[in-house]
Amino acid sequence: MKKEKTIKWTRKHLLGIEGLTAEEILLILDQAEEFKEVLERPIPKVPTLRGMTIVNLFCEASTRTRSSFELAAKRLSADTLSIVASSSSFVKGETLKDTARNIEAMKIDMIVMRHACAGAPHFLSGCVDASVINAGDGAHEHPTQALLDAFTIRKKIGKFKGLNVSIIGDISHSRVARSNIWALNKLGANVTVCGPKTLIPAQIEKMGVKVTYDIDEAIKGADVLNVLRIQLERQEKGLFPSIREYVKCFGITKDRLEKTAKKDIVVMHPGPINRGVELSQDVADGKYSVILDQVTNGVAVRMAVLFLLSQVIRASAGKDEKLEED
Amino acid sequence: MNLKEKSKTLDEAGIKRTLLRISHEIIEKNQGTDELVVIGIRNRGAYLAERIAENMKAIEGKDVPVGAIDITLYRDDLSEIAEQPVLQSTDIDFDINNKKIILVDDVLFTGRTVRCALDELVDFGRPANIQLAVLVDRGHREFPIRPDFVGKNIPTSKDESVEVRLKETDDKEEVVVLA
């Protein structure tokens with residue numbers, strides 16, 4: 001890959017995909033490509049972020065994202081600290097701002113944050129000096145998931161222009177859907193969303209996607225299916241009649257794929273999977289699935305993000321030192 | 001800081017002859033090409049490594065594995081450099097354990113780049129030894145590092161700069177001193 005990479009990364013925070021340019025997204029993907037190679041080395045660790053401290057501040061449950069960020073930081077030799085809301089001072093009523101500023105007083109460089117409220121990382125970035133990375137905020141954005149999805153698509157298919165990607169499931173409550181739509185649109189892919197009417201927000205077309213309520217239509221002609229998790233806890237709110245009906249109307253099964261899908265369709269899922277609900281067993285573990293590749297690629301993509309942000313932190317630290325000398 | 005070209009030290013034919021001589025020296029010192037691998041430091045060192053490996057094949061008739069290494073992740077000056085280094089690919093798709101590595105770079109100056117490369121290489125395995133080949137040695141070492149094969153020694157002052165320009169990266173072949 002001998003591409004001229006001329007654009008420069010200048011952002012201190014990664015809060016979402018919406019504000020990024022296509023070039024910035026591609027820069028992250030290109031750098032992630034090199035980190036993927038690092039992960040295949042006999043010693044999959046480099047000294048790049050030595051001396052930097054990264055805090056994982058997770059105010060919502062997570063296995064994949066948190067371990068992925070933690071591993072990415074460790075592979076880059078940064079020190080990491082994990083704070084899980086349920087066992088921290090949040091339960092004593094400390095505000096997010098106070099918690100963050102106290103952590104920052106311990107001299108840290110980046111905060112990776114997941115929060116149930118949309119906009120929490122944006123708020124945080126305004127009250128601390130550290131770089132903030134959004135690891136999922138409410139139903140708003142999950143930028144690194146969209147980046148690793150894009151990376152996985154590019155690795156598998158090699159291009160974005162004209163590619164048809166269908167996102168299936170609960171679009172209303174999905175930050176993964178939103179970040180993916182923004183990313184894929186910027187990269188030139190065509191996005192279709194599909195799910196029960198109650199789980200598709202009104203006017204989503206304005207984000208530049210096609211909408212269908214017919215699963216076979218979403219599968220037909222698609223190069224990629226990104227199947228979202230059905231948040232079973234939502235079912236109590238009565239947004240769809242029953243799990244069984246959901247499976248019948250929208251569940252991705254081998255039969256359905258063999259009947260309507262392109263032969264080389266790629267099936268993705270951000271995890272955790274409800275086996276037998278949105279994905280049948282044989283699809284989740286079958287030949288179309290790249291679900292575990294997504295997880296592997298996630299570490300490389302997050303290393304790229306940490307690396308790029310660290311350069312901005314270091315450049316501004318260098319400037320501060322100069323000012324003091326002058 | 002805008003530097004002007006002060007002198008041209010090597011032209012296209014000069015570079016070619018120099019690399020051929022280095023290739024012969026490597027083979028002579030190692031008594032053939034057995035167990036040798038050539039690894040160039042990105043950017044220009046990688047192209048020079050390919051040429052040296054080609055020369056060695058032409059001389060000895062045996063393929064020599066060639067790799068390239070990007071040292072960005074091992075740099076000690078990431079906080080000092082103004083321009084943002086972009087990570088490029090490291091391609092070492094062979095085992096380096098017990099191999100004799102010829103590490104290739106275009107210009108040897110402070111020795112810091114070579115230090116990075118050495119640190120990175122030992123994370124790939126335990127080579128029998130590492131030998132350093134450079135097209136230009138311009139002096140001013142800051143680390144105890146010395147080359148085993150030198151194309152040309154060019155005495156410089158510290159604020160001068162030496163540029164190796166290659167077809168692959170610069171559309172021409174020359175070595176110039178800028179001052």
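Since every read-out is calculated from the coordinates, none of them should be taken as a lab result. Since the structure is predicted, the reported quantities are computational estimates derived from the model, not experimental observations. Cβ atoms come from the backbone with ideal geometry, glycine included; neighbour counts cover every protein chain shown.
The figures follow:
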quantity	calculated
At most 12 other Cβ within 10 Å, DSSP loop - trypsin sites (Lys or Arg not before Pro), the range B:22-112	B:Lys62
Cβ-based net charge around A:Gly271, under 10 Å, with every Lys or Arg adding one and every Asp or Glu removing one	+2
Qualifying lysines (Cα of each under 19 Å from Cα of A:Lys97; at least 8 residues distant if same chain)	A:Lys12, A:Lys107
Principal axis box of the range A:1-144, alpha-carbon based, largest edge first, Å	53, 34, 26
Share, in percent, of DSSP beta bridges within chain B that are antiparallel, nearest 5	30 percent
Straight-distance crosslink candidates among aspartates and glutamates, where the alpha carbon sits under 20 Å from B:Lys62 and sequence neighbours closer than 8 are dropped	B:Glu25, B:Glu28, B:Asp34, B:Glu35, B:Glu50, B:Glu54, B:Asp93, B:Asp95
Mean ellipticity per residue at 222 nm, deg cm²/dmol - from DSSP H runs of n ≥ 4 across chain A, formula -39500 (n - 2.57)	-13000 deg cm²/dmol
For A:Glu33, B:Glu83, B:Glu60, order by how many other beta-carbon atoms lie within 10 Å, fewest first	B:Glu83, B:Glu60, A:Glu33
Cα shape, chain B, gyration tensor, a/c 1.5 rule	oblate
Prolate/oblate/rounded call for the protein assembly as shown, Cα gyration tensor, a/c under 1.5 rounded	prolate
Ranking of B:Arg165, A:Arg234, A:Arg75 by count of other Cβ atoms within 10 Å, fewest first	A:Arg234, B:Arg165, A:Arg75
Student exercise, the range A:133-238 dipole from Lys, Arg, Asp, Glu Cβ charges, in Debye to nearest 20	400 debye
Inter-centroid distance (Cα atoms) of the range A:88-113 relative to the range B:1-53, Å	54 Å
The range A:134-222: antiparallel DSSP beta bridges as a percent of all, rounded to 5	10 percent
Environment charge at B:Val64 (Cβ cut-off 11 Å; Lys +1, Arg +1, Asp -1, Glu -1)	-2
Net lengthening on full extension, A:Lys263/A:Lys220 (0.36 nm per residue, minus Cα-Cα)	14.4 nm
Model label zone, B:Lys172; criterion: amide N under 17 Å from point 7 Å along Cα-to-beta-carbon; scope the range B:8-34	B:8-16
Computed [θ] at 222 nm, helices only, for chain B once each DSSP H run of length n ≥ 4 contributes -39500 (n - 2.57)	-9000 deg cm²/dmol
Within the protein assembly as shown, percent of DSSP bridges classed antiparallel, to nearest 5	15 percent
Residues of type aspartates and glutamates that B:Lys152 reaches as a straight line, Cα spacing below 12 Å, ignoring anything fewer than 8 places off in the same chain	B:Asp106, B:Asp137
Per-residue Cβ neighbour rank within 10 angstrom, fewest leading, A:Trp182, A:Trp9	A:Trp9, A:Trp182
Net charge over other residues, Cβ less than 11 angstrom from the Cβ of B:Asp123 (K, R count +1; D, E count -1)	+1
Cα gyration tensor, the range B:65-164 - rounded (a/c under 1.5), prolate or oblate	oblate
Electrostatic dipole magnitude of the range B:73-150 [Cβ: Lys, Arg +1; Asp, Glu -1; Cα centre; debye, to 20]	360 debye
